[in-house]
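Here is the structure we will look at, set down as structure tokens.
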Amino acid sequence: MRADRLSLKKILLPVTMLAITAMLLPGCSLESPKAPTWDADLAIPLISRHYDMYELIDRMAEDAISYDSLGNLSVSFEQHMDTVLIDAGLSAEDVSEDFQHQLGAVTITPPAAKSVQLELTDYVSLATLEVPDVGFDADKDFDQISEFESATFAEGQLIISITNYFGVELDSLTIWIVNNQTSDTIAEYFFESGLGIGESTVDTTELAGRTASDDIGLESRIHTPGGTLLSTSDKYLDVELRFGDGVTVSSAVAQVSAQNKDYSSTIEFNEEHELTSAALSGGQLSITVQNSSPLGADISLEFPEITSSGIPLSIDGSISGSGQASFNRNITGYILEPEITEQTMTVNVNLNAYLPGSGGVAVEISSDDQFSVQADLAGLEFSQATGIIAPTEIEIDPVQENLDLPKGFDEVSLTDAMIFLDVYSEVSIPTSVNIELTGDGGQYLSFEADLESGTPQNPGVTNLVITDLGTLTNPIPNEIVITGIATAGDGSTPGTVYPDSKVWGDVEITSPLKFAIGETVIDGDINSTEIEQDDIDEVSERLLAGDIYATITNHLPFGAEVELYLGGDSTVLYSSPQLTIGPIEVGAGVVDAAGLVTEAIESDVVIHLSEEDLDIIENATLYIGQKITLPGTNGQAVNIINTDYLDIEAHIELNTRLGGEWD
């Protein structure tokens, strides 16, 4: 607030002294002298204000309007885009898989070799030493098999060895091995060329699909052309039957040998992402194994794609026959490196089951017996993930910002405004943003941008300049809500997602002070003038007239109206002034082709004060306020630069009669 001090007494005193001196001068007449009188003008300053653009900006205390080091003026509003955490690919849905592994063919304990001797005298009469040309059937049972009670073979061989001790040639020989319990043939051997005296032969039959019990026998058809024997003793056909190594069964009641069973299955993730590597910051692996066979087993589960220091995760344990076993493992700290199969992440589960066998006891076993495995992966969180991330939309939470418009800017439309957007990204995968700005008056703007990749240690920075703001700044909204969508990943480009990776940004709407303006009112400052009150009554009585002289000099590219408010109370100066002057109109400055003011325009006014108006000089402190009204530019954009200004000059001139007697 400015203050000027004026003493009316100092002005009246010298004038009064001159009058007294004049009365004492000798004259030609002895007539009583009369005091002379004369009129004098007295000036009371009201305001002398120069508003350059810097002061207008500073005095309005508007952060939105600023000027740079070169003095260029602009209006700007800064806003912040809400921070978005990009966690695409840093977790996986819980997955549960059930696998059924059939036991498959089971290796049984190979039965011991069995042999029989077919005595010639049991089938041919040897009253003499001459054997006729004769064919005969010879049947005989083998000793009971102790290694199985019954068996349906999956693989195996039944090997027969025959030696001819009949003492005569055999020109035809057919042997059948039969299951005595069912009379079914297990194996058939046909020796078309026969068998010479003392000659041996071996033949093999595949057992796959054949069923045998522990009671088997031999049936045969033998033909000899005859011959002469030297003796009838020890004349027989020796038949030995043995099972080849590695006999397996699809079902049996048998003694089971020790053996290993290996199975493999796959866990499929229900994810669109294709991660090639991920560091687990959390996760639980739960395994339940059920064994429907009567055989106990030592089991080992291996997960080749889940490793620690390069070593696959493995879980070892045992399970009883017809039993169940459960295993749990916290896999935090492990590395997941899934296989990608047809764009699906998979993890292999390898199961090794060591069956120590039945210990010489026959058990009922079937290839349809199975190990059932349920594998659950839950709570998978990754501290870092590398791979191809499918497009993942993440909502940018709305941020509401008040623009804190300068006084009178409610109706302003910025015509050359631009948006400067700086977006920071700590994400190395392709990321884009779709940002929407919505004003409280329905103003709207949206735009998209692909972001520069970065890391938490070195964020990428994307600088955007948007010059087409559409209706966002027409007129300027009082508040703007910033929201939108961030899309992380493009489904084809590999990259890495880091923990707590963020995307955030700063939005600045800025414009040189070139705008179209509607009617705008700006309150100026309040000045004051001190008026000496010692002789104010006499001065008031001697007042003849009073006028206010005002000059408004406008170096702005648009017209203005100025009102002056005078009164003795600054607190109600604008609401209840003693005297209001104006509005005083002044036209826009003279502008060139670029819209810049090259010459100021002045408006001079003289306003006569009534007797009531003159009471304002009875205020010891006279306050003078200003209100500047900008009528608007009729939709036309104008430029404001640092050399523009508005000057307000005003004073009161009082016409006072001095000297003589004053009643």
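The values are calculated or read from the model by the stated rules, or taken from the named source; none is laboratory data. The structure displayed is predicted, hence computed values, not measured ones. Here the Cβ is made from the backbone with ideal geometry for all residues, glycine too, and neighbour counts use every protein chain on show. Surface areas here come from the heavy atoms of the whole protein model, side chains and all, with no ligands, DNA or RNA. Shrake-Rupley method; radii C 1.70, N 1.55, O 1.52, S 1.80 Å.
Overview of values
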item: Boolean, residue 452 is open to solvent by 60 Å² or more (accessible area, probe 1.4 Å), outside any loop (DSSP other than H, G, I, E, B), modelled with pLDDT of 85 or more and in contact with a Ser or Thr (Cβ under 9 Å, 6 or more places away or on another chain); result: no
item: Segment 89-108 residues that are in contact (Cβ under 8 Å) with a residue 24 or more places away in the chain and on the phi > 0 side of the Ramachandran plot, paired with ones that are of a type in the set (Gly, Ala, Ser) and assigned to a strand (DSSP E or B) (beta carbon under 6 Å, 6 or more apart); result: 89/385
item: Single match in 466, 435 (criterion: at pLDDT below 90, over 16 Å from the mean Cα position of the chain (by Cα) and not aromatic (Phe, Trp, Tyr)); result: 466
item: Count of segment 525-558 residues which are open to solvent by less than 20 Å² (accessible area, probe 1.4 Å) and of a type in the set (Gly, Ala, Ser); result: 3
item: Options 292, 308; residue that is within 23 Å of residue 367 (Cα to Cα) and of a type outside the set (Lys, Arg); result: 292
item: Test set (1) modelled with pLDDT of 95 or more; (2) on the phi > 0 side of the Ramachandran plot - residue 343 fails condition number; result: (1)
item: Per-region count, segment 233-247, residues within 30 Å of residue 368 (Cα to Cα), open to solvent by less than 60 Å² (accessible area, probe 1.4 Å) and out of contact with any Gly (no Cβ under 9 Å at 6 or more places or on another chain); result: 1
item: Residues within segment 347-375 that are open to solvent by 40 Å² or more (accessible area, probe 1.4 Å) and under 50 Å from the mean Cα position of the chain (by Cα), tallied; result: 6
item: Residue 250 being under 19 Å from residue 370 (Cα atoms) and not in a loop (DSSP other than H, G, I, E, B); result: yes
item: Qualifying residue in segment 219-232 (condition: closer than 15 Å to residue 148 by Cβ and crowded, with 18+ Cβ neighbours inside 10 Å); result: no
item: Segment 176-218, residues that are under 20 Å from residue 111 (Cα atoms), of a type in the set (A, V, I, L, M, F, W, C) and crowded, with 17+ Cβ neighbours inside 10 Å; result: 177, 178, 186, 187, 207, 212, 216, 218
item: Qualifying positions in segment 136-157 - open to solvent by less than 30 Å² (accessible area, probe 1.4 Å) and more than 14 Å from residue 109 (Cα to Cα); result: 136, 138, 142
item: Qualifying residue in segment 515-524 (condition: open to solvent by less than 40 Å² (accessible area, probe 1.4 Å), more than 21 Å from residue 607 (Cβ to Cβ) and at pLDDT 75 or above); result: yes
item: Residue check, residue 241 among the hydrophobic types (A, V, I, L, M, F, W, C) and part of a strand (DSSP E or B); result: yes
item: Of the criteria (1) without any contact (Cβ under 8 Å) to a residue 12 or more places away in the chain; (2) more than 21 Å from residue 643 (Cα to Cα); (3) of a type in the set (D, E, K, R), which one residue 592 fails; result: (2)
item: Residues (part of a loop (DSSP other than H, G, I, E, B), surrounded by 18 or more Cβ atoms within 10 Å (Cβ to Cβ) and modelled with pLDDT under 85) located in segment 604-640; result: 633, 640
item: Residues satisfying the stated conditions in segment 257-313, i.e. open to solvent by less than 20 Å² (accessible area, probe 1.4 Å), among the β-branched types (Val, Ile, Thr) and more than 28 Å from the chain's Cα centre (by Cα); result: 287, 289, 299
item: Restricting segment 581-598 to residues that are touching a Phe, Trp or Tyr at 6+ places or on another chain (Cβ under 9 Å) and among the aliphatic types (A, V, I, L, M), the residue that is surrounded by the fewest Cβ atoms within 10 Å (Cβ to Cβ); result: 588
item: Single match in 113, 105, 154 (criterion: under 21 Å from residue 176 (Cα atoms) and under 60 Å from the mean Cα position of the chain (by Cα)); result: 154
item: Entirely in segment 300-381, the strands (runs of 3 or more DSSP E) that have 2 or more residues that are among the polar types (S, T, N, Q) and under 29 Å from residue 259 (Cβ atoms); result: 311-319, 324-330, 344-355
item: From 185, 174, 201, 266, residue being outside any loop (DSSP other than H, G, I, E, B) and without any contact (Cβ under 8 Å) to a residue 12 or more places away in the chain; result: 185
item: Residue tally, condition hydroxyl-bearing (Ser, Thr, Tyr) and part of a loop (DSSP other than H, G, I, E, B), over segment 86-112; result: 1
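For every residue, the table says whether it meets (1) under 30 Å from residue 285 (Cα atoms); (2) small (Gly, Ala, Ser); (3) open to solvent by 70 Å² or more (accessible area, probe 1.4 Å); (4) at pLDDT below 85.
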{"site": "55", "(1), (2), (3), (4)": "no, no, no, yes"}
{"site": "71", "(1), (2), (3), (4)": "no, yes, no, yes"}
{"site": "74", "(1), (2), (3), (4)": "no, yes, no, yes"}
{"site": "94", "(1), (2), (3), (4)": "yes, no, yes, no"}
{"site": "105", "(1), (2), (3), (4)": "no, yes, no, no"}
{"site": "114", "(1), (2), (3), (4)": "no, no, no, no"}
{"site": "122", "(1), (2), (3), (4)": "no, no, yes, no"}
{"site": "127", "(1), (2), (3), (4)": "no, yes, yes, yes"}
{"site": "130", "(1), (2), (3), (4)": "no, no, yes, no"}
